[in-house]
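Down below is the structure, laid out as structure tokens.
Derivation of every value follows stated rules applied to the coordinates shown; laboratory data play no part. For clarity, every value in this text was computed on a predicted model and none was experimentally measured. When we count neighbours, we look across all protein chains shown, and the Cβ atoms used for this are built from the backbone with ideal geometry, even at glycine.
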Amino acid sequence: MREQSHRENLRKMLHKKREEIIRSSAAGMKKFMSDENRQTIAAGQEQGDCSVFYQFEHMSCRQFDAQTESIRKIDLALKKLEEGIYGCCEECGEEISVERLKVIPFALLCLDCQETAEQQPRKRN
Ligand SMILES: [Zn+2]
């Protein structure tokens, strides 16, 4: 029972975070376009489809990429929650600490693996 309500809380938290991201990106779009265009993009983003963004070349694609990526992670976390494997590190399979999940509810890696990933040299464009 307790487990159930814990999951329910996580689900709510993830949905809330998702809404926040969508809302903030919608606010960013407002500057650039009409309601109609904005809705097209918002609908695409809801489905994790970033391609519509590129139709609007004056927009910052990088910003929206980051938001779409966050939404994708949240969706993944929600899926994991359904499957009962939420909170396990993608890399090593260890449980991700609750403290970390509180800060980043859609974290896919534990702190150790995240740090390792960040330390790896990346190609710059
Ligand atoms: Zn790990």
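Please turn the phi angles of the range 6-23 into ³J(HN,Hα) values with the Karplus equation 6.51 cos²θ - 1.76 cosθ + 1.60 (θ = phi - 60°), one per residue in order, whole Hz, x for glycine and proline.
Running phi through 6.51 cos²θ - 1.76 cosθ + 1.60 with θ = phi - 60° gives 4, 5, 4, 4, 4, 4, 4, 4, 5, 5, 5, 4, 4, 4, 4, 5, 5, 5 Hz.
Across the range 83-98, in residue order, what do the Karplus-derived ³J(HN,Hα) couplings come to in whole Hz, using 6.51 cos²θ - 1.76 cosθ + 1.60 with θ = phi - 60° and x for Gly and Pro?
In residue order, the calculated couplings are 7, x, 10, 5, x, 9, 5, 5, 8, 10, x, 6, 5, 7, 4, 4 Hz.
I'd like to compare 97-104, 13-20: which one has the highest average count of other Cβ atoms within 10 Å, and what's the full order after that?
Taking the mean over residues of other Cβ atoms within 10 Å, the ranking is 13-20, 97-104.
Testing the spin-label approximation: label points 7 Å from Cα along Cα→Cβ at Asp65 and Ile104. State their distance in nm.
Result for the modelled spin labels: 1.8 nm.
Amide H to amide H, which residues 5 or more places from Glu95 or on other chains are under 5 Å from it, using H placed in the peptide plane?
Cys89
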